[in-house]
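Let me begin by presenting the structure, written as structure tokens, before commenting on it.
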Amino acid sequence: MRPKFIAGNWKMYTTLAAAKELAAAVAKGAPADPNIRVAVCPPSAWLTAVASVLKGTAVSLGGQNCHFEKEGAFTGELSPAMLLEAGCQYVILGHSERRHGFGETDALLNKKTTAALGAGLKVIFCIGELLAEREANQTETVLDRQLTAGLAGLTSEQMANVVLAYEPVWAIGTGKVATPEQAQAAHAFVRGKIRTLFGEKVAQAVLIQYGGSVKPDNAATLLNLPDVDGALVGGASLKADSFLAIVAGAVR
Ligand code: PGA
């Protein structure tokens, strides 16, 4: 049985005080259940402070982005090693806000993913189609391309440190959630593609989170779908009670 993995993406929200308070409340309320994994991904400026709050708890820490180089003249960027040293186990890569707001391409994301895994981070690799692509029946074509190009060159062993997040772009921050049928169909397609690329063992083990307007009232339904192994939560991760209610939806 695959564990369920719930991660909160705080995006560019929270003050330092609010971030520490939120992390402490999440750590306090997270269930001591080996089948449930919980992570929070605060803004990078708060990583070390939140790492101190989470130290010794079951909640993991993640960054929201990183560069692919080890170091250099890259103003405003963070290396994978910096995230690790700040206390991160995870980094989110390929979020639609990075792909579509900052022009991150499949090729760039492949370099970032390779570098992050090489440094020892686990990667939450996001994929998902735009509304126009879904309406043009291009969802599977887009997911196929994002997975094939984004994960190119990775080994099956490296895939043990990759979590996938299927996030239909039209569902992110919009309150429009994919129907259970849409989510399950996309997740099954993604798992099938991983089977083609990396084999049955990797396909059965890989965790595929759903993201896009996950809330306490829809979490349990989504999290009970056979190929949905967790959630990547934006808006509802900014309040401990709503995030913990989503986590509770993963308890079997
Ligand atoms: P949302 O964001 O939960 O606010 O829709 C999800 C995400 O961007 O990962």
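The values are calculated or read from the model by the stated rules, or taken from the named source; none is laboratory data. In this text, all values refer to a predicted model and were calculated from it rather than measured experimentally. With ideal geometry, Cβ positions are generated from the backbone for all residues, glycine too; neighbour counts draw on all protein chains shown.
Numerical summary
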{"read-out": "Boolean, R191 is out of contact with any Ser or Thr (no Cβ under 8 Å at 6 or more places or on another chain), of a type in the set (K, R), at pLDDT 95 or above and within 24 Å of V59 (Cβ to Cβ)", "value": "no"}
{"read-out": "Qualifying residue in region 150-159 (condition: within 16 Å of the ligand (Cβ to nearest atom) and either exposed (fewer than 13 other Cβ atoms within 10 Å of the Cβ) or more than 15 Å from A185 (Cβ to Cβ) (or both))", "value": "no"}
{"read-out": "Given (1) over 20 Å from the mean Cα position of the chain (by Cα); (2) crowded, with 20+ Cβ neighbours inside 10 Å; (3) assigned to a loop (DSSP other than H, G, I, E, B); (4) not hydroxyl-bearing (S, T, Y), number of the condition C88 does not satisfy", "value": "(1)"}
{"read-out": "Only listed residue being small (G, A, S), under 17 Å from V247 (Cβ atoms) and either within 16 Å of the ligand (Cβ to nearest atom) or over 19 Å from the mean Cα position of the chain (by Cα) (or both), chosen from A73, A7, A30", "value": "A7"}
{"read-out": "Qualifying residue in region 194-202 (condition: β-branched (V, I, T) and surrounded by 19 or more Cβ atoms within 10 Å (Cβ to Cβ))", "value": "yes"}
{"read-out": "Restricting region 160-187 to residues that are touching a residue at least 24 places away in the same chain (Cβ under 8 Å) and away from the ligand (no atom under 16 Å from the Cβ), the residue that is surrounded by the most Cβ atoms within 10 Å (Cβ to Cβ)", "value": "V162"}
{"read-out": "Criterion (touching a residue at least 24 places away in the same chain (Cβ under 8 Å), within 15 Å of the ligand (Cβ to nearest atom) and under 18 Å from the mean Cα position of the chain (by Cα)) met by exactly one of V206, V228, V190", "value": "V228"}
{"read-out": "Every residue from region 123-135 that is buried (at least 20 other Cβ atoms within 10 Å of the Cβ) and not in a loop (DSSP other than H, G, I, E, B)", "value": "V123, I124, F125, C126, I127"}
